[in-house]
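Here's the structure, in structure tokens; my notes come after.
The values are calculated or read from the model by the stated rules, or taken from the named source; none is laboratory data. What you are looking at is a predicted structure, and each value in this text was computed from that prediction instead of being measured. Note that we place each Cβ from the backbone using ideal geometry, even for glycine, and neighbour counts take in every protein chain shown.
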Amino acid sequence: MNAKERFHATMDYRPRDRAPFHEFPWPTWPETVDRWAAEGGYHPDTTDFGCDRWLVTDSWFFPNPPFTREVISEDDTYVTYIDPQGILMREFRKNPLSSMPQFLKFPVETREDFRRFWRERMQPDLAARIGADWRQQLARHRDRDYLLVVLADRWGGFFGSLRNLVGVEKLCMLFYDDPAWLEEMMEADADFLIAMLGQILEVTSIDVFGFWEDMAYKAGPLISPAQARKFMLPRYRKVIDFARSRGVKYFCLDSDGKVDLLVPVWLDAGIDILYPFEVQAGMDVRAMRKKYGRNLRMWGGMDKRALVAGEREIDAEIDKHRPLIEDGGFVPMLDHSAPPDVPYRNYCYFMDRLLKAL
């Protein structure tokens with residue numbers, strides 16, 4: 001079977017030659033790349049573990065034109081700057097992607113700010129976003145034997161994208177203080193996603209379309225399930241119903257943290273696949289399968305800390321997930337990017353043993 005056939009058979013719980021074999025979409029921290037390069041010549045663009053071919057796009061939906069990166073201040077420890085999304089943030093100078101930045105100011109403070117931001121930077125112009133030859137680029141994927149996954153990433157959600165506009169604290173307050181403005185922003189994002197997808201799907205099919213939320217921490221979600229159901233679910237349904245009517249079969253959602261209370265909302269919205277199921281936040285893909293059965297497809301959920309511990313722990317982690325691998329509806333991956341305390345030889349061992357377990 002090719003990668004596309006194998007994936008669809010797995011998600012449909014049909015017979016297949018083996019389970020899909022793929023790395024987490026963002027497999028390493030920057031420091032991990034440096035360590036693995038020193039230990040084994042690893043390079044993220046050329047090192048091949050024999051994974052199935054998944055083409056994952058995650059850059060088309062960001063604000064366009066992006067904000068110009070502007071450094072406001074810097075010293076030996078920190079740099080404060082405006083990022084391409086218009087957020088003023090402070091980060092460590094060394095390896096900034098491996099720690100949480102301090103968010104100082106967001107691009108939207110008022111309703112007029114939002115309308116101007118959306119009018120100027122969130123137009124569904126694929127020529128500007130992908131390239132003048134976007135139709136030709138997408139047409140190359142029509143007859144494919146690989147998986148095409150289109151992720152709207154940080155601008156494809158109804159909490160996550162709004163968080164990038166106004167910040168977490170203000171966003172949470174808007175659920176109570178100004179729900180009309182909240183819904184205006186959610187509707188705008190839903191319409192933007194539909195306009196983007198409508199053009200893309202005129203040229204090529206998509207196997208999976210992905211939302212991004214990151215709306216939970218280690219103890220639970222940042223808003224209640226009732227709020228998610230009232231405000232977010234109708235917008236998911238609007239986008240999913242449109243895309244499904246045009247041939248998109250699967251919809252995934254990425255949220256870190258302890259998201260178990262939100263799973264019923266997402267399933268009712270029509271989302272099929274969730275990831276990454278962070279074990280340190282109490283997420284357990286085996287428990288999720290027992291609770292939700294085959295309605296919930298899952299990517300991830302394999303404890304990355306086992307790769308720090310050593311080969312025996314890696315074998316035990318793989319063995320724990322064999323029933324899920326055999327059942328289907330599951331792509332075994334780490335529960336997030338591999339941190340720099342993972343030795344390269346342990347990651348190689350994990351990937352080798354995992355492939356043999358499929």
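Going through the stretch 168-205 one residue at a time, which ones are outside any helix (DSSP H, G or I) and of a type in the set (G, A, S)?
S205
Just checking, how many residues over the stretch 93-104 are assigned to a strand (DSSP E or B) and surrounded by 15 or more Cβ atoms within 10 Å (Cβ to Cβ)?
The qualifying residues number 1.
Here is a check on your reading of the model: is W26 crowded, with 18+ Cβ neighbours inside 10 Å, within 27 Å of I206 (Cβ to Cβ), in the same structural domain as V342 (by TED's automatic domain parsing) and of a type outside the set (D, E)?
The answer is no for W26.
Would you check if R163 is in a loop (DSSP other than H, G, I, E, B), in the same structural domain as V265 (by TED's automatic domain parsing) and surrounded by 15 or more Cβ atoms within 10 Å (Cβ to Cβ)?
No; evaluated as a whole, the condition is false for this residue.
Kindly evaluate P107 against the criterion of being touching an Asp or Glu at 6+ places or on another chain (Cβ under 8 Å) and outside any helix (DSSP H, G or I).
When the stated conditions are applied, P107 passes them.
Of all the residues that make up the stretch 215-234, how many are under 16 Å from R163 (Cα atoms) and either among the aliphatic types (A, V, I, L, M) or surrounded by 18 or more Cβ atoms within 10 Å (Cβ to Cβ) (or both)?
9
For the condition within 24 Å of the chain's Cα centre (by Cα) and either outside the structural domain of G198 (by TED's automatic domain parsing) or among the polar types (S, T, N, Q) (or both), what is the one hit in R90, R142?
R90 is the lone residue from the list that is within 24 Å of the chain's Cα centre (by Cα) and either outside the structural domain of G198 (by TED's automatic domain parsing) or among the polar types (S, T, N, Q) (or both).
Can you find a residue in the stretch 122-135 that is among the aromatic types (F, W, Y) and either touching a Lys or Arg at 6+ places or on another chain (Cβ under 6 Å) or over 23 Å from V239 (Cα atoms) (or both)?
The answer is no, given that none of the residues of the stretch 122-135 is among the aromatic types (F, W, Y) and either touching a Lys or Arg at 6+ places or on another chain (Cβ under 6 Å) or over 23 Å from V239 (Cα atoms) (or both).
Can you tell me which residue among R115, R142, R90 is surrounded by fewer than 16 Cβ atoms within 10 Å (Cβ to Cβ) and not in a loop (DSSP other than H, G, I, E, B)?
Only one candidate qualifies: R115.
Looking at the stretch 307-358 only, could you name the residues that are in contact with a Pro (Cβ under 8 Å, 6 or more places away or on another chain) and either polar (S, T, N, Q) or part of a loop (DSSP other than H, G, I, E, B) (or both)?
Hits for the stretch 307-358 are H321, M333, D335, H336, S337, L358.
Scan M298, M302, M288 and give me the residue that is touching a His at 6+ places or on another chain (Cβ under 9 Å), crowded, with 19+ Cβ neighbours inside 10 Å and not β-branched (V, I, T).
When all the criteria are applied, what remains is M302.
Give just the number: which of (1) over 21 Å from G157 (Cβ atoms); (2) assigned by TED's automatic domain parsing to the domain that holds P27; (3) free of Cβ contacts under 8 Å to residues at least 24 places away in the same chain does Q102 not satisfy?
So Q102 meets the others, but not (2).
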